[in-house]
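I have placed the structure first, in the form of structure tokens, so that the comments after it can refer back to it.
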Amino acid sequence: MVHKLIDKMEDIFHVERSYVFGKTRRREIIELRMMMYALMREDLGYTLPKIGKIFNRDHSSVIHLLKQHDNQLETDKTYSSKWAEFKGKMCGHIFEEQNDFYINVLSSIEDCTSIKDRILVLKNALETYKSNNYGKPEMV
């Protein structure tokens, strides 16, 4: 899921991942990195060390930017607007993919004529669910 999320960030915000993962200190890149950390922490439940590993940073750097994120939300209306836009666009992508999966499973179950077939569909759906890491952070 992380790779898809980062691909989506590149598409939506027209920023190469090398900037977000790199050492650049440009304000717009730092803000984007900060928002990615917050999204991963708040909405996806990633741990601080896991976020740090993904971005090649230690967990104390992640803590620092997350504190900056909270401070910016409290004091900077422009940043708050950017965060709302970012979160809306990124979360829409995350949940859109999961919803498509659920809709496909339900449609498949409705098409089944026997209990045995329904159980088989559910079994296959659970295997797919686990392999796609829906509902849980992916292992890095």
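Of the residues screened, THR78 is one that is polar (S, T, N, Q), modelled with pLDDT of 85 or more and over 17 Å from the mean Cα position of the chain (by Cα).
Of everything listed in (1) surrounded by 16 or more Cβ atoms within 10 Å (Cβ to Cβ); (2) touching a residue at least 24 places away in the same chain (Cβ under 8 Å); (3) more than 24 Å from TYR129 (Cα to Cα), the single unmet condition for TYR46 is (3).
Only one residue in SER81, SER108, SER60 is free of Cβ contacts under 8 Å to residues at least 40 places away in the same chain, among the hydroxyl-bearing types (Ser, Thr, Tyr) and surrounded by 13 or more Cβ atoms within 10 Å (Cβ to Cβ). Which one?
On the way: SER81 fails: surrounded by 13 or more Cβ atoms within 10 Å (Cβ to Cβ); SER60 fails: surrounded by 13 or more Cβ atoms within 10 Å (Cβ to Cβ).
Step by step, each of SER81, SER108, SER60 is checked, and only SER108 is free of Cβ contacts under 8 Å to residues at least 40 places away in the same chain, among the hydroxyl-bearing types (Ser, Thr, Tyr) and surrounded by 13 or more Cβ atoms within 10 Å (Cβ to Cβ).
Selection of the stretch 1-23 for residues being in contact (Cβ under 8 Å) with a residue 60 or more places away in the chain and of a type in the set (D, E, K, R) yields LYS4, LYS8.
Screening VAL62 against (1) within 22 Å of TYR79 (Cα to Cα); (2) at pLDDT below 90; (3) of a type in the set (A, V, I, L, M) leaves a single unmet condition, (2).
Hey, among the residues in the stretch 1-36 that are of a type in the set (Lys, Arg) and in a helix (DSSP H, G or I), which one's surrounded by the fewest Cβ atoms within 10 Å (Cβ to Cβ)? Only one residue fits best here, namely ARG27.
The values are calculated or read from the model by the stated rules, or taken from the named source; none is laboratory data. It should be emphasised that the depicted structure is a prediction, and the values quoted were computed from it without experimental measurement. Don't worry about glycine lacking a Cβ; one is built from the backbone with ideal geometry, like all the others, and counts go over all protein chains shown.
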